[in-house]
Each structure stands twice: as C-alpha cells, then as structure tokens.
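Colleague: Here it is: the structure, laid out below.
The values are calculated or read from the model by the stated rules, or taken from the named source; none is laboratory data. Since we're looking at a predicted model, the values are computed, not measured. FYI the Cβ positions are ideal-geometry reconstructions off the backbone, even for glycines, and counts take in every protein chain you see.
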Amino acid sequence: AKTWILTKHFEGFPKNSDFELKLQELPEPKDGEVLLEAVFLSVDPYMRPFSRVRMHEGDVMIGTQVAKVIQSKNPAFPVGSHVVSRCGWRTHAVCDGTDLIPIMPEWPQDVPLSLALGAIGMPGLTAVYGIEEVLGLKEGETLLVNAAAGAVGSLVGQIAKIKGCKVVGSAGTDAKVAFLKELGFDEAFNYKTASSLEDVLKKASPEGYDCFFENVGGASSAVALQQMKNFGRIAVCGSISVYNDTTPQTGPFPHLTMIFKQLKMEGFMQSRWEHKHPETLKRLMAWVKEGKLQCREHVTKGFENMPAAFMGMLQGDNIGKAVVAV
Ligand code: NDP
C-alpha cells in the first residue's frame, strides 16, 4: 500500500516537506476483515487543525475515503461493494468492519460515488445540521454564508434556497461568485476585491441578516456580526482563516454587538447528530436526484497529488468539494 505520512507537524501553511510517501506491507485479511482499495479520497480543512491534536509525527495522514472491497472475510462487506472508510491517506488498507460505513445499497448508478465524501456525506450533513439544528432557519429569512463556493458553503446556500430564504454568499474569486449566482444565490460577492466588507454586506441585504453560517472566522466575523438583525443567530461551523496561524487568536470580540443585538451564537460539529445521519443522507440523496442540489467537485487525479490537493484546497483552488481520484 502507498501511504502519505505526516513527517513534521505543520508550522503555518503546510509544506511539501511535511509529507512523505511511503510503501507499507499489508497483512492478509483475517476472519472478519476486508482488504480495501481507495477510489476517491477527501481533502478537508479539519485535517489542518486536527493534525495537531489527533496525530503524531510519523502517523498516516487522517482522512476519509470511498473504497472498494477487493478481498473479504466479512460477509457484511462483500467483494466489489463500496464503503466509506476513515483509514486515512492510503491506497489500500486491511480493516475489520467496525469503522466502515457501507454505501447505501440503493445508491443510484447515475450518482457519482465521490458524493459520499461531499453532498451525500460529511459536508452535506454539516450543512443540514447547521441550518436546521443550530440556526433553525425559517422560510423568508435572510442567511449569510462565507466560503460559500466550497463543499459546505455551496450546499448551505442551496438548502437555504430550498427552504425559501434569501441567501447572500461570499467567496474568493470572480469565477466562484459567478458559480454562486448559477446556484441561485440572491447576492454574491468577492471578499478579496470588495473595498469594504461592511458596505457590500449592507448593500446585499440593507435590512440585515437573520442567520449567519460562519465558515471563516477572523476579523471578518466581527464585521458580519455588526450586520445581523436583532435576535440574529450564528452557527459557527469553521474558522478556516485562522487554521494556519502560528499564534493563537486573541480578542477583541464584539461583545457589545452581541448584547445590543441580543445575538445567539453556537459552535457545532456535525458528529453531534450522528444518530440522524442515515435519515439525513437519504434526504440529501433525494435533493440530488430531484436536481435541487448541484454538486460541483474539484477533482485532482492521482494519489501522489494528495498533499498538493490538500494545500490547494486550503488556499482556495477548489470550487465545490475537493477530492482526489486515485
Ligand atoms: P471548502 O470546500 O469551503 O474549502 C475551503 C475554502 O476556504 C477555500 O476554497 C477558500 O475559498 C476558503 N478560504 C481559505 N482561506 C480563507 C480565508 N483566509 N478567508 C476566507 N476564506 C478562506 O471547505 P469545506 O466546505 O470542507 O469547509 C468549510 C468550513 O467548514 C471550514 O472552516 C471547515 O473547517 C468547516 N467544517 C466544519 C464542520 C463541522 O462539523 N463543524 C464539518 C465540515 C467542515 P475562497 O476562495 O472563498 O477563499
């Protein structure tokens, strides 16, 4: 098996020299075990902060993949079936079934399996739970989402449109802004070229925002909070703008805005609602089949390009979900 090892903890933005491609001998599967072959691997922002807290130098990079069962001594996972596996950045792995999620048996032929890492996988679940469980978004409300052309953000905007809301999104290139308009966002802007974030937020929704789906964090958050309506709700999903910082974030936090506007802010991780995953994945699949969710993917070819795909995603190369096809 080929594996990508984290040779050195990231300092600042990841570098090629932080990774090493290694060959690993695999044992024959024993009773209850299967041999997996990776088909698609996911590259996600969480790998950057989690590498610090969940990994040691020398470990295989963490991550999720869609894999094909190529040998099986576990009747629950027959040869030729596909699973979602959390075995990390490896081309092959021997696993017992405990941590494997079978791809739903009714997965349609015309839906790419890679969507199990995107719209019909973790990013899709994140979008739904942020909107429904955390924000409680209601028809007719106005929602702001940043990193809006990415895996989670592009789904957040589309789901909010399904729910009859006004949606404003920000992203880092004009091509991404055009993509957001194609998806049906009411307003979209390029945060890198906007001369004033405050002005552009005011113009996009002069009456303010009921809900804010926060993926980015950093200084721009404080500006967005000022544009919330009274009793606005904020779902803190991610903070990608600070993941590569070498010194921890410090204040100032806009407490007065929180108080005067009586805002409600809640951080969340999609895993909180694990018991709802099967039902939520079915709903996401139905939206995809009905054409209500467009699922753009940014596909990098070749397992040897995993680090490049990961670093590219962190710096914004992707429109839609970033995945690697082996
Ligand atoms: P994306 O597909 O959105 O990819 C990351 C994007 O972040 C890039 O394309 C880039 O787009 C944007 N970005 C990078 N740096 C900055 C910056 N400094 N300021 C603004 N935007 C930046 O990733 P995901 O959809 O997978 O994840 C989006 C967010 O959601 C992340 O913060 C992630 O950690 C979080 N998340 C949280 C989960 C949870 O359970 N809480 C689960 C999954 C994701 P651009 O060109 O627009 O800058």
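Colleague: Could you list, in sequence order, all residues of the stretch 65-86 that are out of contact with any Asp or Glu (no Cβ under 8 Å at 6 or more places or on another chain), assigned to a loop (DSSP other than H, G, I, E, B) and touching a residue at least 40 places away in the same chain (Cβ under 8 Å)?
Modeller: PHE77, the sole residue that qualifies.
Conditions (1) within 26 Å of SER271 (Cβ to Cβ); (2) touching a Gly at 6+ places or on another chain (Cβ under 6 Å); (3) not small (Gly, Ala, Ser), marked per residue:
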residue	(1), (2), (3)
ALA1	no, no, no
GLY12	no, no, no
GLU37	no, no, yes
ARG52	yes, no, yes
VAL69	yes, no, yes
VAL83	yes, no, yes
GLY97	yes, no, no
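Colleague: So GLY232 ticks every box in (1) more than 16 Å from the ligand (Cβ to nearest atom); (2) over 30 Å from SER17 (Cα atoms); (3) among the small types (Gly, Ala, Ser); (4) surrounded by fewer than 16 Cβ atoms within 10 Å (Cβ to Cβ) but one. Which box is left unticked?
Modeller: Every condition holds for GLY232 apart from (4).
Colleague: Need a quick list: helices (runs of 4 or more DSSP H) entirely within the stretch 174-239 having at least 2 residues that are among the polar types (S, T, N, Q).
Modeller: Counting at least 2 such residues, we get 219-226.
Colleague: Test of understanding: among THR280, THR257, which residue is in the same structural domain as GLY136 (by TED's automatic domain parsing) and among the β-branched types (Val, Ile, Thr)?
Modeller: Exactly one residue qualifies, and that residue is THR257.
Colleague: Just checking, how many residues over the stretch 281-326 are part of a helix (DSSP H, G or I) and within 13 Å of the ligand (Cβ to nearest atom)?
Modeller: The number of residues fulfilling the criteria is 6.
Colleague: Please verify whether THR246 is in contact (Cβ under 8 Å) with a residue 12 or more places away in the chain and surrounded by fewer than 15 Cβ atoms within 10 Å (Cβ to Cβ), treating the condition exactly as stated.
Modeller: yes
Colleague: Something else: Can we say MET61 is in contact (Cβ under 8 Å) with a residue 12 or more places away in the chain, within 26 Å of GLY316 (Cα to Cα) and either surrounded by fewer than 20 Cβ atoms within 10 Å (Cβ to Cβ) or not assigned by TED's automatic domain parsing to the domain that holds HIS82 (or both)?
Modeller: Working: in contact (Cβ under 8 Å) with a residue 12 or more places away in the chain: yes; within 26 Å of GLY316 (Cα to Cα): yes; either surrounded by fewer than 20 Cβ atoms within 10 Å (Cβ to Cβ) or not assigned by TED's automatic domain parsing to the domain that holds HIS82 (or both): no.
No; evaluated as a whole, the condition is false for this residue.
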